[in-house]
Amino acid sequence: MKWVRNKLDQARKPFEPGQKLEKFAPAINAFDTFLFTPNHTTKKGAHVRDVVDLKRTMITVVLALIPALLFGMWNTGAQYLYQEMGLANVTDVPFMDAFIEGAILVTPLILVSYIVGLTIEFIFAIYRGHEVNEGYLVTGLLIPMIFPVDIPLWMLAISVAFAVLIGKEAFGGTGMNILNPALTARAFAFFAYPLYMSGNAIWVHQGATDSISGETILGTLAQGKSVAYNFFDAAAGFIPGSVSETSTIAVLIGAAILILTKVGSWRIIVSGFAGAAVMGLIFNAFGLNALMEFDWYMHLVVGGLAFGLVFMATDPVSAAQTMKGKWIYGFLCGFFGVMIRVFNPAYPEGIMLAILLMNVFAPTIDHYVIQGNVNKRKKRLAKAKANLQTA
């Protein structure tokens, strides 16, 4: 690593203050801080000395995403080959054949996401004269993981550009956005290109055949059809869907990593699943259509609910900040997520809209939680003063 350090120091010289490439210093500094700990310290304000910085936090989230990503690559290839080969079960597809096929299909999505997103990040960093933030390390991976595998690359590129420009940079960049950038990209694509984001021919590469449905469970229920998948298939992820959202087991492995490293809030995750379960039980009690009759516990393992609650509802920038607020915020994300998917079959993936909605209301939740605490303390103070006067 010393050799790399020396080479970077040599490369930095034209970018130093007073040199001809000084304006582009944020670009070279981004590569430097990605490989090494920053060699500068802050000059003002009170700080806590800690080894955990934004870069390490983002890399931890990326590591937590790896199980879902790897499974998503396998499932993408397996669903396609299962359709092509006409096998009895998805699990009958040779493992390596499925994984290689899926990796070939998914990798271009990841590359486009990072190339477009990071290019915009670098341009804004140079224009504003600040360092390149590491926030897009996570967003750049999240976006292709929540899209259909056959989304045209140019549509993905436009969606990424919209998310970074409008959902993030317009508010000031990393740490300033009020909406989750990855969900902003998906919401933009959903409304701008609906034919490529919903239906029965987009969730499996090259569509569905007459004998094998490529529709998701939620899409099937929305049409009043019976579902052929059981709880194990849905939880394991052996079903069609977005690239990496299908396996609840893989998502929960990532959740364990986030919780153990204290990067993700377990309160939001637990309350989110609780909110979804409560809404599912309410619908089961009425059972007026196929979506309402769908078992409440199945709601927890289908669609992108688990993925959204674990990796996007817990975004520390757009989520609630207070302890009580996190319980409320998470519960409402899950509650509204199931409500939207059942009440409006046009949006079977309700967790996307639910989280974006709660992103907007997160500051309001925190405000009333804090105000409630202030009022309680005022009442205790008034009671203490009254006791002193009567003593």
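Over 28 Å between Cα atoms, which of Lys262/Lys383; Lys168/Lys376; Lys262/Lys324; Lys324/Lys379; Lys326/Lys379; Lys168/Lys262 qualify?
Numbers: Lys262/Lys383 38 Å; Lys168/Lys376 36 Å; Lys262/Lys324 17 Å; Lys324/Lys379 19 Å; Lys326/Lys379 25 Å; Lys168/Lys262 24 Å.
From the list (Lys262/Lys383; Lys168/Lys376; Lys262/Lys324; Lys324/Lys379; Lys326/Lys379; Lys168/Lys262), the Cα-Cα distance tops 28 Å for Lys262/Lys383; Lys168/Lys376.
For an R0 of 25 angstrom, estimate the FRET efficiency from the Cβ-Cβ distance between Ile115 and Leu260 and round to the nearest 0.05.
Numbers: r = 32 Å, r/R0 = 1.29.
It comes out at approximately 0.20.
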- prompt: Ile253 accessible area, nearest 10 Å², 1.4 Å probe?
  reply: 80
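Could you compute the FRET efficiency for Val62 and Leu388, with r as their C-beta to C-beta distance and R0 at 56 Å, rounded to 0.05? Provide the component values of the computation, followed by the final result.
Details: r = 56 Å, r/R0 = 1.01.
Once rounded, the FRET efficiency stands at 0.50.
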query: What are the extents of the Cα atoms of segment 90-139 along their three principal axes, listed from largest to smallest and rounded to whole Å?
result: 54, 15, 12
message: If I ignore ligands, DNA and RNA and count only protein heavy atoms, how much of Tyr80 is accessible to a 1.4 Å probe, in Å² to the nearest 10?
response: 30
message: Run the simple label-point estimate for Met85 and Gln371 please: 7 Å along Cα→C-beta, distance reported in nm.
response: 6.0
query: Between Ala192 and Thr107, what FRET efficiency follows from the Cβ-Cβ distance if R0 is 25 Å, with the result rounded to 0.05?
result: 0.55
Simple spin-label estimate for Leu381 and Ala170 in nanometres, 7 Å along Cα-Cβ: 4.1
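The values are calculated or read from the model by the stated rules, or taken from the named source; none is laboratory data. On a predicted model such as this, the values are computed, not experimentally measured, just so you know. So basically every Cβ, Gly included, is an ideal-geometry build from the backbone, and we count neighbours across all protein chains shown. Keep in mind that these areas ignore ligands, DNA and RNA; they rest on the heavy atoms of the full protein, side chains included. Shrake-Rupley method; radii C 1.70, N 1.55, O 1.52, S 1.80 Å.
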